[in-house]
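Colleague: So that we are looking at the same thing, I have put the structure below in structure tokens.
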Amino acid sequence: ALGPIIGGFLLEHLSWHAAFLVNIPLMALVLLVGVFVLPEIHVVGNGPWDIPAALISLVGMASLMWGIKRLAAEMSPSDIAALIAIMVGILCIVLFVIRALRTNTPLIDVTLFKNRMFTGGVLVALGSMFAMAALLFLLAQWLQLVDGSTPLESGVKLLPLAIASLIAGASAPALAMRFPAHKVLVIGLLIAAFAMLMLLPFRGNLTYIPVAISSALVGVGTGVLAIGSAAIMNSTPPTKASSAAAIEEIAYDLGNVLGVAIMGSVASVVYRLGLNAQALVESGLDQSLVDQAMQSYAAAVTIAQETGATELIVAGSRSFSDSIVITSVVGGIVMLLVAYLAYRLIPKDLDITESEH
């Protein structure tokens, strides 16, 4: 909840580097406390770290992300370089899984996915982050570039999401012990889906009020993700708990990366399609400047300020707002799918109070 406000304050009063440097003393404190607080657990027979598998996964994910972003940037589904990169990425990921299945000491124990409840919990984590990642990233830009807020004001305006998520996250375990945990999880995901879909009527006239309400409801809905975490850990034997926890963290991070790459690309395409480059050129704006404005709304704002092209600001703000609405709707559809998968894969008698193992 404090992150956006502190980040906004640092951006207003210091260089943008401060938003990253501020994490160093925080992590140093966490490491110091961890030495004395965290218990030491030894797992027998872990084996050596599989460096080739780590390299394969790194190449695979980097290739896949680059290919997706390249397709969006070129707006050409037949771009050879992008298609090759995507195929290389998929091939590396397949090789990583095959290697994990064939070794006695895999980097990640992918056999855990044989358990439906485990798979359901991982898909909930990955899918939820995928649906939300780009939207949160774009909203911070929208608040500053379209709504006219300063970085600090933007941080304050993002508080409804943070506070709602904080309250819902603290309440979800109690609700899951009073009512069926399965229902609490599915209903929470449906609330998040509705929150994203509700922005559709505001296409062409997006303002902060519906954004704040939608963000707060997203926070309420995603506060139940702790129940998905319980499903992951309760379905895992203690000897494989480290692999389960690692896969859960990967699911959150991978969902975030894929969300920014894919959903961000969707937003980029919607923005460029709505900008109408031909009309801007006909209004007297140089073609090279129009090409730069097509890359991002931030570039369009800078160009408009330098050239006085007010029509670029009007067209750009409308198109950028529409890209957020469409991205939100797509995210809502994804969240509906996540809710369905949770309903089908996670047992209706899920008990988050104790593990079966």
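Colleague: What tally of residues in region 293-306 results from selecting those that are open to solvent by 70 Å² or more (accessible area, probe 1.4 Å) and over 13 Å from SER268 (Cα atoms)?
Modeller: Let us first name the residues in region 293-306 that are open to solvent by 70 Å² or more (accessible area, probe 1.4 Å), namely 295, 305-306.
From what is left, the residues that are over 13 Å from SER268 (Cα atoms) are 305-306.
The number of residues fulfilling the criteria is 2.
Colleague: Which residue out of LEU206, LEU285 is in a loop (DSSP other than H, G, I, E, B), touching a residue at least 60 places away in the same chain (Cβ under 8 Å) and open to solvent by less than 30 Å² (accessible area, probe 1.4 Å)? Write out each step before concluding.
Modeller: Details: LEU285 fails: touching a residue at least 60 places away in the same chain (Cβ under 8 Å).
From the options LEU206, LEU285, the qualifying one is LEU206.
Colleague: Residue by residue through region 13-22, note down the ones that are part of a helix (DSSP H, G or I) and open to solvent by less than 70 Å² (accessible area, probe 1.4 Å).
Modeller: Matches in region 13-22: ALA18, ALA19.
Colleague: Mind checking which residues of region 23-49 are at pLDDT 85 or above and either closer than 30 Å to SER323 by Cβ or in contact with a Ser or Thr (Cβ under 8 Å, 6 or more places away or on another chain) (or both)?
Modeller: Just the residues of region 23-49 that are at pLDDT 85 or above, to begin with: 23-37.
Across region 23-49, the qualifying residue is only ASN23.
Colleague: Next question. In this structure, is LEU280 open to solvent by less than 30 Å² (accessible area, probe 1.4 Å), in a helix (DSSP H, G or I) and more than 30 Å from THR222 (Cβ to Cβ)?
Modeller: yes
Colleague: Follow-up. Give me the residue from region 135-157 that is farther than 19 Å from GLY332 by Cβ and of a type in the set (A, V, I, L, M, F, W, C) and, out of that set, least open to solvent (accessible area, probe 1.4 Å).
Modeller: Ranking the qualifying residues of region 135-157, first place goes to LEU143.
Colleague: May I ask you to list the residues in region 296-324 that are over 14 Å from ASP147 (Cα atoms), assigned to a helix (DSSP H, G or I) and without any contact (Cβ under 8 Å) to a residue 40 or more places away in the chain?
Modeller: Our first condition is that a residue be over 14 Å from ASP147 (Cα atoms); within region 296-324, this holds for 296, 299-300, 302-312, 315, 323.
Now restrict to residues that are assigned to a helix (DSSP H, G or I): 299-300, 302-307, 310-312, 315, 323.
Result: ALA299, ALA300, THR302, ILE303, ALA304, GLN305, GLU306, THR307, THR310, GLU311, LEU312.
Colleague: Can you say whether GLY67 is within 27 Å of the chain's Cα centre (by Cα), on the phi < 0 side of the Ramachandran plot and open to solvent by less than 100 Å² (accessible area, probe 1.4 Å), as far as the supplied structure shows?
Modeller: yes
Colleague: Here is a follow-up. With within 30 Å of GLY148 (Cα to Cα), small (Gly, Ala, Ser), crowded, with 21+ Cβ neighbours inside 10 Å and without any contact (Cβ under 8 Å) to a residue 60 or more places away in the chain as the only criterion, which of GLY223, GLY255 stands out?
Modeller: Working: GLY255 fails: without any contact (Cβ under 8 Å) to a residue 60 or more places away in the chain.
Just a single option satisfies the conditions, and that option is GLY223.
Colleague: Continuing with this model, one more query. For region 136-183, which residues satisfy the criterion of being of a type in the set (D, E, K, R), at pLDDT below 85 and closer than 25 Å to ALA315 by Cβ?
Modeller: ASP147
Colleague: Within region 196-254, can you find the residues that are among the aromatic types (Phe, Trp, Tyr) and over 23 Å from LEU336 (Cα atoms)?
Modeller: The answer is TYR208, and nothing else.
The values are calculated or read from the model by the stated rules, or taken from the named source; none is laboratory data. A quick note: this is a predicted structure, and the numbers were derived from the prediction, not measured. All Cβ positions, even for glycine, are placed from backbone atoms using ideal geometry, and neighbour counts span all protein chains on display. For the accessible areas, the whole protein counts, side chains as well, though only heavy atoms, and no ligand, DNA or RNA atoms are used. Shrake-Rupley method; radii C 1.70, N 1.55, O 1.52, S 1.80 Å.
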